[in-house]
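Here the structure comes first, spelled out in structure tokens, and everything after it is commentary.
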Amino acid sequence: MSSIPPNPIVNGVPAAGAGASASGVSPTFSPLYQQIKALITQSLQSGEWKPGELIPSEVELANRFKVSQGTVRKAIDELAAENLVVRRQGKGTFVATHHEDRAQFRFLRLMPDAGDPHSADNKILEVKRLRAPAEVARLLDIKSGDSVVFIKRVQSFDGEPIIVEELWLPGAIFKGLTAERLVEYKGPMYGLFETEFGTRMIRATEKIRAVSADEATSELLQVAVHTPLLSVERVSFTYGDKPVEVRRGLYLTDHHHYQNELS
């Protein structure tokens, strides 16, 4: 079943009765710019404009949807605020991509106490296909026992191991993902997911708590057993609010901190 944006647009005007349900509930109003935002998002999701590509100008989009340029601008403002598109002065608006540095640090919130943030060195410990544990299946909205790709890695900064991560990805989406491919790919992991598997991470939810290092983790991070660590469990979503990754990380924060911006 194809998705239909709220309040379909007919010649730039919401269709009469749009939003009303079969039960006779009063229709809900959706501002016109929100409808344009939904249509642009559909084009992003369908791949009409690829990550990193220039999208049509505001004037072209206004003509396409038969609305004012101001309406399009407001829609793009929201898409830019949600990091789905990127405005570049004098060049236009581009589809956001995980290959940009700003996108990498948007999802990696661990920052050094001193100096500038920079990319980590990754050591892949394990990649295998297995049946989804019940809790992972619930978070990925798949059936318990469905195929998932499991990845375990250590991330180091300046030669110091800082993060131990375990990831679970839906097997149906990430067919062909192997340890060899992860090792040979030099860009960010989300960039690989975007380029080769057509899956772009749009947003994520996280749960953070304090834990202590068990024996296995202490060996990987080269610290004593029971060293305090930050545990971060993330569920990442692509277009349509579809969960496509469960990631559990243990962070050593002796010389790093978790940074978030609230607005």
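The values are calculated or read from the model by the stated rules, or taken from the named source; none is laboratory data. Computed from a predicted structure; not experimentally measured. Ideal geometry is used to build each Cβ from the backbone, glycine not excepted, and the neighbour counts take in all protein chains shown. With ligands, DNA and RNA removed, areas are computed over all heavy atoms of the protein, side chains included. Shrake-Rupley method; radii C 1.70, N 1.55, O 1.52, S 1.80 Å.
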Original post:
Residues with amide H under 5 Å of E245's amide H, sequence separation 5 or more or different chain, H placed in the peptide plane at 1.01 Å from N; which?
Top reply: S236
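Residues of the range 117-263: accessible area per residue at 1.4 Å, in Å²?
Details: 7660 Å² over 147 residues.
Dividing the accessible area of the range 117-263 by its residue count gives 52 Å².
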Subject >> Extension gain from R248 to D146, taking 0.36 nm per residue of separation minus the Cα-Cα distance >> reply: 34.8 nm
**OP:** Calculate one ³J(HN,Hα) per residue across the range 196-203 by plugging θ = phi - 60° into the Karplus curve 6.51 cos²θ - 1.76 cosθ + 1.60, and present them in order as whole Hz with x for glycine and proline.
**Re:** 9, 10, x, 10, 10, 7, 9, 8
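For a protection proxy built on the mean count of beta-carbon atoms within 10 angstrom, sort 227-237, 83-93 highest first, please.
On the way: 227-237: 17.7, 83-93: 13.6.
Ranked from most to least packed, the peptides come out as 227-237, 83-93.
Over the range 194-263, what relative contact order in percent results from Cα pairs under 8 Å that are six or more residues apart?
On the way: 105 pairs, mean separation 20.3, N = 70.
Dividing the mean separation by the residue count of the range 194-263 yields 29 percent.
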Subject >> For R203, distant residues with modelled amide H under 5 Å away >> reply: F237
Original post:
Taking θ as phi - 60°, what are the ³J(HN,Hα) couplings along the range 242-255 by the Karplus curve (6.51, -1.76, 1.60), each to the nearest whole Hz, with x for Gly and Pro?
Top reply: 8, x, 10, 7, 10, 10, 10, x, 10, 10, 8, 10, 4, 10
Subject >> Simple spin-label estimate for E233 and E206 in nanometres, 7 Å along Cα-Cβ >> reply: 1.6
Subject >> For the range 175-190, 3J(HN,Hα) per residue [Karplus equation, 6.51 cos²θ - 1.76 cosθ + 1.60, θ = phi - 60°, Hz, x = Gly/Pro] >> reply: 5, x, 7, 10, 4, 4, 5, 5, 5, 6, 7, 9, x, x, 4, 5
